[in-house]
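Peer 1: Sharing a structure with you now.
We did not get these values from a lab; they are worked out from the coordinates using the rules stated. Everything numeric in this text was worked out from a predicted model, so none of it was measured. Glycine gets a Cβ as well: all are built from the backbone with ideal geometry, and neighbour counts include every protein chain shown.
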């Protein structure tokens with residue numbers, strides 16, 4: 001479902017006037033500065049609860065994680081170690097916040113907060129250890145995916161930064177190991193459909209011979225509930241395929257690579273053993289462009305990216321069941337566009353360049369096309385980082401007229 005594809009926004013200071021695009025019923029609300037002077041929203045759930053982090057006015061202080069249970073009211077989250085930085089990455093629909101904190105010796109570790117108790121210290125997600133005893137644990141952990149029933153997925157990393165894929169369950173002191181120790185596999189997506197209490201997890205693993213990423217799915221479908229890893233089928237002529245998204249129907253989206261010439265195409269698997277449906281052309285786009293997977297929702301609909309004739313990355317909405325594609329346009333006058341997320345009501349969150357060559361937050365739907373969200377408080381730059389699964393809320397960051405980076409949220413019409 002949700003893949004943690006999250007990145008910080010770069011706010012440039014350009015002088016031209018921003019184009020705001022078509023009228024939009026969505027407007028940004030600032031989350032305030034209770035947690036710091038320079039802020040960014042990083043996640044939002046179906047209830048509109050937002051998480052993010054702030055930096056102080058001077059650069060020497062720690063990054064402070066926060067939660068806004070209501071718009072405009074940041075509440076700092078307790079760090080794992082006093083005086084050390086923390087950054088939330090996601091919030092699920094159960095109100096659990098996944099992120100990362102620094103330990104006393106400056107190592108990173110994955111953590112989980114409860115949004116209902118922001119004053120309570122987070123729980124550090126444990127690394128793989130000998131037979132789950134806690135003895136000789138790996139060096140650090142990071143979250144790379146999550147679902148809405150409280151399961152987080154990620155990597156347990158060795159001292160040489162090699163990952164082992166794991167799942168963490170609420171209240172469990174021991175991670176569930178999904179891959180062989182130090183095989184560099186990493187989860188990319190976890191669904192909400194439990195099999196014997198365990199969700200299906202999509203992972204990418206490097207091929208030992210070539211280093212190319214190979215998409216796999218791990219499910220608890222074996223004898224006596226054992227974990228079974230299935231390598232996803234590849235289309236004819238493909239050298240390798242990675243996976244990017246997994247939904248509740250155990251449908252998957254990925255990118256496959258082909259030689260002569262070296263091109264990438266998007267593929268969709270209706271089940272772990274099904275032959276992939278391949279997207280090699282896009283309606284209205286000449287030639288055979290490079291196409292990469294971006295996101296898949298629970299309707300089985302997808303967003304893909306491709307390169308146009310000018311070498312710019314563009315976006316399209318794909319319905320694998322019918323084979324149809326729709327182009328996702330930039331804000332008029334812009335040439336750059338970035339995918340942020342795809343909700344289950346088929347709303348796409350994105351950040352686009354506008355006619356003034358500024359970044360501006362926007363959404364796209366099949367019926368309404370690309371609609372810009374007006375810039376915030378006299379500023380000229382904005383961008384999204386997250387959309388809720390139900391498509392009701394988006395969150396991100398926006399520059400105000402003073403050049404301050406503000407965490408923002410908007411309710412979508």
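Peer 1: Starting from the Kirkwood radius over alpha-carbon pairs of region 347-405, derive D by Stokes-Einstein at 25 °C in a medium of 0.890 mPa s and give it in µm² s⁻¹.
Peer 2: Values: Rh = 11.7 Å.
The calculation lands on 209 µm²/s.
Peer 1: Another question about this same structure. Separation of region 297-335 and region 80-111 by C-alpha centroid, Å?
Peer 2: Cα centroid of region 297-335 versus Cα centroid of region 80-111: 34 Å apart.
Peer 1: Right, here's the next one. When the convex hull of the Cα atoms of region 193-317 is projected onto a plane and the area is averaged over all directions, what value comes out in nm²?
Peer 2: Values: hull surface 33.8 nm².
Taking the Cα atoms of region 193-317, their convex hull projects to 8.4 nm² on average.
Peer 1: Measuring from label point to label point, each 7 Å out along Cα→Cβ, what is the residue 124 to residue 239 span in nm?
Peer 2: Going from the residue 124 label point to the residue 239 one covers 4.2 nm.
Peer 1: Using a Gaussian network for the chain with springs between C-alpha atoms less than 10 Å apart, which of these wobbles most: 285, 51, 64?
Peer 2: Among 285, 51, 64, the largest mean-square fluctuation in the Gaussian network model of the chain belongs to 285.
Peer 1: Okay, next question. Name the residue, out of 322, 78, 231, whose mean-square fluctuation peaks in a Gaussian network model built on the chain with Cα pairs under 10 Å.
Peer 2: Maximum among the listed residues: 322.
Peer 1: Another one. What's the whole-number percent of alpha carbon pairs in the chain lying beyond 37 angstrom? Walk me through the intermediate numbers first.
Peer 2: Numbers: 18689 of 85078 pairs.
Of all Cα-Cα pairs in the chain, 22 percent lie more than 37 Å apart.
Peer 1: Tell me, how many Å apart are the Cα centres for region 31-53 and for region 345-407?
Peer 2: Going from one Cα centre to the other spans 15 Å.
Peer 1: I need to check one value: relative contact order of the chain, counting alpha carbon pairs closer than 8 Å and at least 6 residues apart, in percent.
Peer 2: Working: 1251 pairs, mean separation 65.4, N = 413.
It comes to 16 percent, rounded to a whole number.
Peer 1: May I ask for the distance between the Cα centers of region 136-214 and region 221-283, given as a whole number of Å?
Peer 2: Computed from Cα coordinates, the inter-centre distance equals 19 Å.
Peer 1: Between 82, 388, 108, which gets the highest mean-square fluctuation from a Gaussian network model of the chain, Cα cutoff 10 Å?
Peer 2: Per the Cα network of the chain with a 10 Å cutoff, 82 tops the list.
Peer 1: Grab the Cα-Cα distance for residue 401 and residue 27, subtract it from 0.36 nm times how many residues apart they are, and report the gain in nm with one decimal.
Peer 2: Taking residue 401 through residue 27 to full extension adds about 133.0 nm, to one decimal.
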